[in-house]
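Encoded as structure tokens, the structure appears first; notes follow it.
Readers should treat all values here as calculations from the given coordinates under stated rules, not as data from a laboratory. From a predicted model like this one, the values you see are computed outputs, not experimental measurements. As a convention, Cβ positions derive from the backbone with ideal geometry for all residues, glycine included, and neighbour counts pool all protein chains shown.
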């Protein structure tokens with residue numbers, strides 16, 4: 001996804017594309033996997049934590065990122081390629097490696113539909129598989 005594509009995605013979601021917002025979105029894109037706040041801070045370096053946090057809050061509000069609770073060291077953020085303003089149509093399974101503590105997107109595996117009992121109104125689904133990633137498996141044999 002090129003910078004112009006990021007700008008187009010932001011505009012589609014009602015987010016004004018400022019330099020800092022483009023940088024945060026590009027960092028998420030280039031990270032190749034969901035990133036924690038600490039990973040974003042380290043990767044960006046030129047925006048302080050509060051600036052990144054404000055940007056992520058706006059992105060969440062506008063459905064430009066979604067969050068993942070991976071059971072590890074907290075919340076991770078992933079750029080949402082959805083083209084819906086209120087619905088995440090690119091939901092997929094995530095994998096948390098218990099050795100390296102990284103979270104990976106398994107984009108080719110869709111989250112199965114869940115039929116909720118009457119009266120329940122689901123808002124999001126977090127489908128997480130944990131175990132050992134291929135890279136860590138290579139090092140433990």
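Of the residues that sit in the range 55-68 and are over 10 Å from the mean Cα position of the chain (by Cα) and touching a residue at least 40 places away in the same chain (Cβ under 8 Å), which one is farthest from residue 18 (Cα to Cα)?
Taking the candidates together, the pick is 63.
Yes/no per residue for (1) over 22 Å from residue 95 (Cβ atoms); (2) out of contact with any helix residue (DSSP H, G or I) (no Cβ under 9 Å at 6 or more places or on another chain); (3) not in a strand (DSSP E or B):
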residue	(1), (2), (3)
6	yes, no, yes
15	yes, no, yes
26	yes, no, yes
30	no, no, yes
41	yes, no, yes
51	yes, no, yes
55	yes, no, yes
59	yes, no, yes
68	no, yes, no
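Could you please tell me which pairs satisfy a Cβ distance under 6 Å, a separation of 6+ or placement on different chains, a first residue in the range 111-131 that is closer than 14 Å to residue 68 by Cα, and a second residue that is exposed (fewer than 10 other Cβ atoms within 10 Å of the Cβ)?
From the range 111-131, no pairs qualify.
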